[in-house]
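Visitor: Pasting a structure here, questions to come.
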Amino acid sequence: MPALSVVLGPGVESIGTNKILGFSGALIALIIYAKKGHLKIKEALVFCLIASVGSLGGSSLSPFVDKEIFRYLLIFTCPVILYIVLFRDKFLKEKRNLKVNQFLLLGCGFFSGFYDGFFGPGGGTFMFLGLFVVAGYPLLTAIAISKLAITSS
């Protein structure tokens, strides 16, 4: 995304181009996770629907936002995503026997979908963290559902 912002400028042009790349990568990963049996489709459908509604809202709003805001979002989100990647062990501890809070799950779906539609970079990471950390899904199931959500959003 930073490179696209340099070439195309900050804003919806960079976001849209980045979404094409993100969609392609997420679709390929989704196919692999689904073939290996990690995708729980019934559990994923509601999350994906809510994330898609959020994404539609975010993408509908982003053309009306000043392009300079996207530059600041990029400056803020890149270090956050880098922190998550570098210190992923803090986030990747499996929880056992955790009951899924549907309200939190739907909130995570909507807000991560909104972010993904509005801006994009790290949207899949935020979806995964919502599914894994907040909802308590197993690691590979959370990844598979997040790939489906990114593909659908």
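Visitor: In vacuo Debye scattering of segment 107-153, one point per C-alpha: log10 I(q)/I(0) at q = 0.22, 0.25, 0.30, 0.32 Å⁻¹?
Guide: -0.62, -0.79, -1.09, -1.20
Visitor: What figure in square angstrom, to the nearest 10, would you give for the accessible area of Tyr33 with a 1.4 Å probe?
Guide: 60
Visitor: From largest accessible area down, sort Lys147, Lys42, Lys36; use a 1.4 Å probe on the protein chains.
Guide: Lys42, Lys36, Lys147
Visitor: Once the other residues with Cβ under 13 Å from the Cβ of Gly109 are scored (Lys, Arg +1; Asp, Glu -1), what is the net sum?
Guide: Values: positive: none; negative: Glu43, Asp116.
So the surrounding residues net to -2.
Visitor: Shifting gears a bit: In this model, which of Lys42/Lys90; Lys19/Lys42; Lys35/Lys90; Lys19/Lys67 are farther than 27 Å apart at the alpha-carbon?
Guide: Lys42/Lys90; Lys35/Lys90, as the Cα separations exceed 27 Å there.
Visitor: Given a Förster radius of 22 Å and the C-beta distance between Ile69 and Leu140 as r, what FRET efficiency does 1/(1 + (r/R0)^6) yield to the nearest 0.05?
Guide: Between Ile69 and Leu140 the formula returns 0.05.
Visitor: Let me check I've understood the local charge: for Ala29, count other residues with C-beta under 14 angstrom from its C-beta, Lys and Arg +1, Asp and Glu -1. What total comes out?
Guide: Neighbourhood net charge equals +3.
Visitor: Report the extension gain between Ile31 and Leu56 in nm, rounded to one decimal, defined as 0.36 nm multiplied by the number of residues separating them, less their alpha carbon distance.
Guide: Full extension from Ile31 to Leu56 adds 6.6 nm.
Visitor: Just grab the label-to-label distance for Val85 and Leu104, each label 7 Å out from Cα along the Cβ direction, in nm (one decimal).
Guide: Inter-label distance under the simple model: 2.7 nm.
The values are calculated or read from the model by the stated rules, or taken from the named source; none is laboratory data. Values in this document were obtained by computation on a predicted structure and should not be read as measured data. Cβ atoms come from the backbone with ideal geometry, glycine included; neighbour counts cover every protein chain shown. Ligands, DNA and RNA are stripped out before the accessible areas are found, and what is left, the full protein with its side chains, is counted by its heavy atoms. Shrake-Rupley method; radii C 1.70, N 1.55, O 1.52, S 1.80 Å.
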